[in-house]
Each structure stands twice: as C-alpha cells, then as structure tokens.
C-alpha cells in the first residue's frame with residue numbers, strides 16, 4: 001500500500017480511480033446492450049418466437065359464457081385460466097363478434113376484478 005504524505009492528494013487519487021472505474025463500467029454496460037440487441041435481432045431473423053408464450057384456451061367459449069351472464073371469475077374457473085386473461089380475451093375486438101361486443105360482453109366498471 002502506498003502511504004501518502006498528503007491526505008488531500010490521496011483523496012484526489014481515490015476520486016480519479018473511482019471515475020476511471022465508473023467510465024469502464026459504463027463502457028461495459030454499453031457493450032452488453034449492443035450484444036443483447038444483436039442477439040435479439042439475429043433470433044428474429046431466424047424466425048424465433050420471442051417473449052412470453054401465449055396462453056392457449058377457447059376464447060370463443062369465454063365470450064359465449066360471458067354472454068350467458070356468468071361472472072368473470074366463474075368463466076375463468078370453468079376455463080382454468082386467470083380472470084385477467086378472460087377479461088382481455090373478451091375485450092379483444094378481433095375475436096369478439098360485433099353483436100357480442102355491443103351487448104353483454106362489455107365489462108362494466110363494477111364487474112371487473114379488484
């Protein structure tokens with residue numbers, strides 16, 4: 001260990017070392033980000049599906065049960081999926097027919113799960 005005759009000089013050296021280490025850490029962080037993005041782009045280019053897997057269940061069945069007047073929770077229990085999944089499926093305009101979307105399938109504010 002180096003003994004510094006002057007305390008202020010030692011503090012200056014410690015501060016300089018901390019700044020150098022911080023800049024090296026920032027550089028390494030940027031390299032990690034670039035490598036990660038390159039990997040994601042390569043995976044997409046090869047047709048790899050990224051992200052969380054979709055939950056597979058009968059969305060039309062959820063819409064039908066909801067149109068029959070069942071609650072969100074009972075529909076979810078029958079289909080063995082979370083309540084939020086049923087709510088999202090019922091709100092999706094791509095699968096829900098127009099007449100069901102305008103009728104009973106629309107969630108009401110007091111009907112949404114807490």
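Data overview
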{"read-out": "Extension gain, residue 68 back to residue 12 (0.36 nm per residue minus Cα-Cα distance, nm)", "value": "12.7 nm"}
{"read-out": "The range 1-76, Cα convex hull volume normalised per residue, Å³", "value": "221 Å³"}
{"read-out": "Sequence of 13, 72 once ranked by neighbouring C-beta atoms within 10 Å, starting from the fewest", "value": "13, 72"}
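Quick note: the coordinates plus some simple rules give every number you see, no bench work behind them. Computed from a predicted model, the values in this text were never measured in an experiment. Every residue, glycine as well, gets a Cβ built from its backbone with ideal geometry; the counts of neighbours run over all protein chains shown.
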